[in-house]
């Protein structure tokens with residue numbers, strides 16, 4: 001190769017998926033999963049970074065699966081973690097155990113955080 005002078009141009013492209021990693025977790029009183037009685041109750045779940053950089057998680061939203069037995073109290077969104085969500089879980093009047101998940105989704109595509117709740121049935 002011969003170089004006779006002049007200029008050169010370099011273009012750098014950042015791939016959308018190329019970002020700082022963030023893995024978050026969600027717990028109630030430091031526990032996940034949790035087992036609760038059949039009676040109704042109110043809970044506050046903490047959302048914290050488990051690995052990576054907390055600021056890289058970005059904005060988040062909370063939802064319940066299934067949505068029916070859960071009512072959120074206050075905001076279901078946040079800009080950064082750590083954060084928290086408060087919710088009530090209706091009484092389980094059925095005889096069997098009910099499973100409900102509180103899911104935190106991150107708008108920047110980081111993995112979701114899931115709190116698994118096992119609620120006892122009514123005898």
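Just give me the residues in the range 92-119 being outside any strand (DSSP E or B) and modelled with pLDDT under 95, in sequence order. Talk me through it step by step, then tell me what you get.
Initial filter on the range 92-119 (outside any strand (DSSP E or B)): 92-97, 107-112.
Scanning the range 92-119 gives 107, 108, 109, 110, 111, 112.
So which residues in the range 52-87 are closer than 11 Å to residue 22 by Cα and either part of a strand (DSSP E or B) or in contact (Cβ under 8 Å) with a residue 60 or more places away in the chain (or both), if there are any at all?
Result: 52, single match.
Within the bounds of the range 44-51, is there any residue that is surrounded by 14 or more Cβ atoms within 10 Å (Cβ to Cβ), farther than 19 Å from residue 29 by Cα and in contact (Cβ under 8 Å) with a residue 40 or more places away in the chain?
Checking the range 44-51: not a single residue is surrounded by 14 or more Cβ atoms within 10 Å (Cβ to Cβ), farther than 19 Å from residue 29 by Cα and in contact (Cβ under 8 Å) with a residue 40 or more places away in the chain.
Can you tell me which residues in the range 60-81 are surrounded by 14 or more Cβ atoms within 10 Å (Cβ to Cβ) and more than 18 Å from residue 101 (Cα to Cα)?
Selection gives 78, 80, 81.
Considering only the range 88-107, how many residues are touching a residue at least 40 places away in the same chain (Cβ under 8 Å) and either out of contact with any strand residue (DSSP E or B) (no Cβ under 8 Å at 6 or more places or on another chain) or more than 23 Å from residue 48 (Cα to Cα) (or both)?
Taking the range 88-107 as the starting set, the residues that turn out to be touching a residue at least 40 places away in the same chain (Cβ under 8 Å) are 88-93, 102-107.
Filter again for either out of contact with any strand residue (DSSP E or B) (no Cβ under 8 Å at 6 or more places or on another chain) or more than 23 Å from residue 48 (Cα to Cα) (or both), leaving 90-93.
Matching residues across the range 88-107 total 4.
If you go through the range 49-78, how many residues are within 21 Å of residue 111 (Cα to Cα) and more than 12 Å from the chain's Cα centre (by Cα)?
Step one: of the range 49-78, the residues within 21 Å of residue 111 (Cα to Cα) are 49-67, 75-78.
Filter again for more than 12 Å from the chain's Cα centre (by Cα), leaving 51-56, 65-67, 75.
So the count comes out to 10.
What number goes with the only condition from (1) farther than 14 Å from residue 112 by Cβ; (2) at pLDDT below 95; (3) out of contact with any helix residue (DSSP H, G or I) (no Cβ under 9 Å at 6 or more places or on another chain) that residue 50 does not pass?
Status for residue 50: all satisfied but (1).
Run residue 122 past the list (1) in contact with a strand residue (DSSP E or B) (Cβ under 8 Å, 6 or more places away or on another chain); (2) surrounded by 12 or more Cβ atoms within 10 Å (Cβ to Cβ) and report the number of the one that doesn't hold.
The one condition residue 122 does not meet is (1).
The values are calculated or read from the model by the stated rules, or taken from the named source; none is laboratory data. Since the structure is predicted, the reported quantities are computational estimates derived from the model, not experimental observations. No Cβ is skipped: glycine too gets one built from the backbone with ideal geometry, and neighbour counts run over all protein chains shown.
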